[in-house]
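Values quoted throughout were computed directly from the atomic coordinates according to the rules given, and no laboratory measurement underlies them. Just so we're clear, the structure is a prediction, and the values are computed from it rather than from any experiment. Cβ atoms come from the backbone with ideal geometry, glycine included; neighbour counts cover every protein chain shown.
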Amino acid sequence: MTNHEQDEKESFMKAIWHQDALKNGSNETLPEYAHSGYTEFLIVIYTTMIISLCGVISNGFLLVVFAADPLRCLRNISSGLILNLCIADFLTAIMIFLWTTTHWNWASEKFGQIVFCLVWFGYSASFITIALLSLERYIVIRHIWSADTIITKRRTTYAVVMIWLISGVSFIRLDREKLSIHMFILSSVFELCVLVVITFYIKLWAIRRRHDALQEHRALIKRENRLTKVVFTLIVILVLTTLPLIFLYQLLHGLLLFCGSHCIGEVIRSIPAYLTPVFAVNFALNPAIYGWRLPKYRRSFAALFAIVTRSPARQKLDKTEVKKRNETQSLEMNATQITNGSSTSL
């Protein structure tokens, strides 16, 4: 295996260039670093598999809660975006798990390429959905009395469809040279989206301060603050867990494009695989964050658990909760007709 062939290998977990040589038994091309690091690399693989499996389970359980919706409270616009995020995270967690297992050569190269594209497809959808949630929060706080006329179900549906269409760019087949250009530009777009989201939240903070000074806005702002804080937490975790790998991919492909393969050392070439477990943490944590922080998700979890375990006392309590929810929604609809305000329910 020549250095040129090694430079042409573009992959997610197989970014450790000496892994292929180890599997092929070509020990002559392996530096001592490769032998000493292989055990650590296997630990990384198993860690990634465990984390991604946790993501599959947590997102899968939340999807079941969405499908059952025992309290009939998960059908508003914000919940629709959360559902889209859950689907994207579920897909990405599955693909990361499958991609990690390809280390043992059970799948064809074609299948590996498809899984690789699906990892980026799911990540792109998750990333853009969180960006859209931040935009939704900005509109709700900025236009506190007229948000319902701006954020409609139809527009939200169109936005979700566009998210998946844009994410489909990951499936464009490119040759090796153009792939580096593609990855470099894609990484730059992700970074630009982060800057846009940060700008939204800086403006949001200023708007909230102005609204807090007005007595009539305080109740509405207090109601919206919980989801706003959750979305901000999702953004922080996204930045901390996934952007290091994105930055590194941009650096590697940028060096390959503008400097050549001789600028890429052996150590830096191996780093992406070691960042993969951190990358996978994002998709395992997301459902735990909004599933725990938002009251309606906690109540829905409890209600579904009561149904599964057939707890009579809990089911009676859940029926009371549904009745209260329906009464609250009725009052919110009446208030919306009078004030044209936001009726987003948490």
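A few notes on this one:
- Only lysine pairs 8 or more places apart, or on different chains, with alpha-carbon atoms under 22 angstrom apart are counted in the stretch 40-298, and they number 6.
- Neighbourhood charge, 15 Å Cβ-Cβ cut-off, centred on Phe66 and excluding it, Lys, Arg +1 and Asp, Glu -1: +3
- A convex hull fitted around the alpha carbon atoms of the stretch 40-298 yields 138 Å³ per residue.
- If you take all other residues with their beta carbon under 14 Å from the beta carbon of Ala131, and give Lys and Arg +1 and Asp and Glu -1, the sum is -1.
- Of interest is the spacing of the C-alpha centroids, which for the stretch 263-288 and the stretch 239-257 amounts to 10 Å.
- Per residue, the convex hull spanned by the Cα atoms of the stretch 36-168 measures out at 131 cubic angstrom.
- Residues Leu133, Leu53, Leu71, arranged from fewest to most other Cβ atoms within 10 angstrom of their Cβ, appear as Leu53, Leu71, Leu133.
- Estimated distance in nm for a label pair at Thr47 and His182, the labels positioned 7 Å out from Cα along Cα-to-Cβ: 3.0 nm
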